[in-house]
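Okay, structure first, notes after.
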Amino acid sequence: MSVLIYAESAEGKFKKVALELASYAKKVAESLGTTVTALTVNMTDTSELGKYGVDKVLKISNDKLNTFNAKAYADAIKQAVEKESAKLVILSSTTDSLYTAPSVAVALNAGFASNVVALPISTSPFVVKRNAFSNKGFNQTEITTDVKVIALAKNSYGLKEAQGAATAEDFSPSLNDADFSLKVENVEKMSGKVTIADADIVVSGGRGLKGPENWKMLEDLAEVLGAALACSKPVSDLGWRSHEEHVGQTGKPVSANLYIAVGISGAIQHIAGINASKVKVVINTDAEAPFFKVADYGIVGDAFQVVPQLVEKLKEFKTNN
């Protein structure tokens, strides 16, 4: 049962999730006595994947794929799986991959399990542990098809270097022109910032901050922590922050190692979308805010006093350590 992963990248660099996928796939491949092949799109230097356990890289170079297209990417992955005779396909749980994975599974007549949070419980039969019920529980899913597709939840396995080297091979899948009939005129991307998808730490603000002019203190907190900035749905709806920063069940899901919520009361939809985060910290003036019921740590206090003091203490800590 050879293993194939799709290693996501952006602006010429592998995303953190790609390296986590490689680490995970390496461990699974070892238990199966097989190797790991990675598929990359428009990446010149793929050597980093070898450091995390990839044995072989299939490199696609095609300008048509510079803009994400779920159908075209799924078709390319399918052809790579068939070329390598792979029996296990692993993708991440990013927005792009979750659009792609079901199409890959259908094309391969494969069973699909999303939100996988651990190494397989068993490989024969093939059973995985998954998040369920908006990350409030887990289930065990058995995949019985010949080819199996899984999507690994972000920050569920971590990065583990393998100190290996990967061979590289050019790969040119045939692409269907009809898949590119929908034209994308413009794609807005954040630059110079930690993205929510790759962040270990996320700092998020809500209506308790009273206005967009008060976001500077959250930007300072995010900077000192090396964190991504996020916001609740009401904040993005009000136009205080970009919809790119909206997290929760109706926005971007968050599986950070540390999630800090400032001035967010904790609506069910918001909590459901960030509940997979390992440690949750809440800062709110309302001691009865629902968020405190799911928080690991809570501060009842005025964010305009608490956050600046927290930033100063973190700066002192970094200076002295």
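The values are calculated or read from the model by the stated rules, or taken from the named source; none is laboratory data. Predicted, not measured: the structure shown is a model, and the values here were computed from it. So basically every Cβ, Gly included, is an ideal-geometry build from the backbone, and we count neighbours across all protein chains shown.
Residues in the stretch 75-82: is at least one crowded, with 19+ Cβ neighbours inside 10 Å, free of Cβ contacts under 8 Å to residues at least 60 places away in the same chain and not hydroxyl-bearing (S, T, Y)?
Yes: one or more hits.
Can you name every residue in the stretch 268-302 that is of a type in the set (S, T, Y) and surrounded by fewer than 20 Cβ atoms within 10 Å (Cβ to Cβ)? First the steps, then the outcome.
Of all residues in the stretch 268-302, those of a type in the set (S, T, Y) come to 277, 285, 297.
Within the stretch 268-302, T285, Y297 meet the criteria.
Just one of E48, E30 is among the charged types (D, E, K, R), in the same structural domain as V149 (by TED's automatic domain parsing), assigned to a helix (DSSP H, G or I) and without any contact (Cβ under 8 Å) to a residue 24 or more places away in the chain; which is it?
Sole residue among the options that is among the charged types (D, E, K, R), in the same structural domain as V149 (by TED's automatic domain parsing), assigned to a helix (DSSP H, G or I) and without any contact (Cβ under 8 Å) to a residue 24 or more places away in the chain: E30.
If E11 satisfies every condition in (1) in contact with a helix residue (DSSP H, G or I) (Cβ under 6 Å, 6 or more places away or on another chain); (2) on the phi > 0 side of the Ramachandran plot but one, which is the exception?
Among (1) in contact with a helix residue (DSSP H, G or I) (Cβ under 6 Å, 6 or more places away or on another chain); (2) on the phi > 0 side of the Ramachandran plot, E11 violates only (1).
Out of E213, E188, E219, I need the residue that is modelled with pLDDT under 90 and more than 17 Å from H270 (Cα to Cα). Which one?
Numbers: E213 fails: modelled with pLDDT under 90; E219 fails: modelled with pLDDT under 90.
Going through E213, E188, E219 in turn, the sole match is E188.
Of the conditions (1) under 20 Å from the mean Cα position of the chain (by Cα); (2) surrounded by fewer than 18 Cβ atoms within 10 Å (Cβ to Cβ); (3) modelled with pLDDT of 95 or more, F68 satisfies every one except a single condition; which number is it?
(3) is the only condition that F68 fails.
Restrict the check to the stretch 3-10 and report whether at least one residue is touching a residue at least 40 places away in the same chain (Cβ under 8 Å) and among the β-branched types (V, I, T).
So far as the stretch 3-10 goes, yes, one or more of its residues are touching a residue at least 40 places away in the same chain (Cβ under 8 Å) and among the β-branched types (V, I, T).
Among all residue pairs at least 6 apart or on different chains, which show Cβ distances below 9 Å where the first residue, located in the stretch 115-141, is without any contact (Cβ under 8 Å) to a residue 40 or more places away in the chain and the second is part of a loop (DSSP other than H, G, I, E, B) and of a type in the set (D, E, K, R)?
Once the first residue is without any contact (Cβ under 8 Å) to a residue 40 or more places away in the chain and sits in the stretch 115-141, no partner that is part of a loop (DSSP other than H, G, I, E, B) and of a type in the set (D, E, K, R) comes close enough.
Which residue pairs have Cβ atoms closer than 7 Å, lie 6 or more positions apart in sequence or on different chains, and pair a first residue in the stretch 85-105 that is in the same structural domain as A18 (by TED's automatic domain parsing) with a second residue that is aromatic (F, W, Y)?
Pairs found: I90/Y24; L91/Y6; D96/F68; S97/Y6; T100/Y73; A101/F112; P102/F112; A105/F112.
Does D170 satisfy being among the acidic types (D, E), more than 20 Å from V54 (Cα to Cα) and in the same structural domain as E82 (by TED's automatic domain parsing)?
In short, no.
In the stretch 13-58, how many residues are within 25 Å of N257 (Cα to Cα) and of a type in the set (S, T, Y)?
Residues in the stretch 13-58 being within 25 Å of N257 (Cα to Cα) and of a type in the set (S, T, Y): 3 in total.
For A101, indicate whether it is outside any loop (DSSP other than H, G, I, E, B) and either over 17 Å from V28 (Cβ atoms) or of a type in the set (K, R) (or both). Give the steps one after another, and end with the answer.
Numbers: outside any loop (DSSP other than H, G, I, E, B): yes; either over 17 Å from V28 (Cβ atoms) or of a type in the set (K, R) (or both): no.
No.
Exactly one condition in (1) at pLDDT 95 or above; (2) in a loop (DSSP other than H, G, I, E, B); (3) of a type in the set (V, I, T) is not met by V128; state its number.
(2)
Report every pair of residues separated by at least 6 positions or lying on different chains whose Cβ atoms are under 7 Å apart, first residue within the stretch 298-321 and under 19 Å from G263 (Cβ atoms), second in a helix (DSSP H, G or I) and of a type outside the set (A, V, I, L, M).
G298/F292; A303/G208; V311/D220
Go through the stretch 248-294 and count every residue that is under 25 Å from T95 (Cα atoms) and not hydrophobic (A, V, I, L, M, F, W, C).
Looking only at that region, the number is 17.
Under 6 Å between Cβ atoms, at least 6 apart or on separate chains: pull out the pairs that start in the stretch 222-251 with a residue that is basic (K, R) and end on any residue that is not in a loop (DSSP other than H, G, I, E, B).
K233/H246; R241/C231; R241/V235
Identify the single condition in (1) basic (K, R); (2) outside the structural domain of F291 (by TED's automatic domain parsing); (3) in contact with a Gly (Cβ under 9 Å, 6 or more places away or on another chain) that K252 does not satisfy, given that it satisfies every other one.
K252 satisfies every listed condition except (2).
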